[in-house]
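Undergrad: If you scroll down you'll find the structure; I have some questions about it.
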Amino acid sequence: MPIKRSLSGVLGAMTLALASVLATGPAQAAPSAAAPWTSPAPARTELLPPGAGVHCAPGNFCASVWDPSANRFRVFYFYNCTRYYLSNWNGWGEAKNSQTGGATATLYGSGGNVIRTYPADGNVYAVDWSPVYSLRNC
């Protein structure tokens, strides 16, 4: 035997269902994206607001990348001469080579291919970090 439903009964059930969904509170936000980091760790890092620019002390290769976990740019100061492996470096940032003695910084892709080199000229360069997997600061 077919069941008859009244329009007001259906609307009432829908209203009740909607009210129960809304009463549970706001939906949980998705986990924030992971912060960029390197292995080994650089000499230091700091967070800067957009537009602050990279101020790189002599002897350092400095790189900034957007940190979605902090909603700011994170600047990495690479002082010790070694190969650094990058994680969660995405999008555009800056690089500045303030090393002494003419040290050249090199960015490498996933296969170890050279993407770009930066002379120790103190200039600030725009960098797309997305294809970069590692760097050597000297």
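Undergrad: Could you let me know the centre-to-centre spacing of segment 94-127 and segment 45-79, using Cα atoms, in angstrom?
TA: So the two Cα centres are separated by 15 Å.
Undergrad: Counting other beta carbons within 10 Å of each residue's own, what order do 107, 135, 47 fall into, fewest first?
TA: Details: 107 22, 135 26, 47 14.
Least to most surrounded, the residues fall as 47, 107, 135.
Undergrad: Okay, moving on. Apply the a/c threshold of 1.5 to the C-alpha gyration tensor of segment 49-138 and tell me whether it is rounded, prolate or oblate. Could you put the intermediate results ahead of the total?
TA: On the way: a/c = 1.80, a/b = 1.13, b/c = 1.59.
It is oblate, given that a/c is not under 1.5 and a/b is not larger than b/c.
Undergrad: Would you grab the residues whose amide H sits under 5 Å from the one on residue 133? Only those 5+ places off in sequence or on another chain, please, with H modelled 1.01 Å from N.
TA: Amide H neighbours of residue 133: 108, 109, 110.
Readers should treat all values here as calculations from the given coordinates under stated rules, not as data from a laboratory. As the structure is a computational prediction, the values presented were derived from the model and not from experiment. For neighbour counting, all protein chains shown are included, and Cβ atoms are generated from backbone atoms with ideal geometry for every residue, glycine included.
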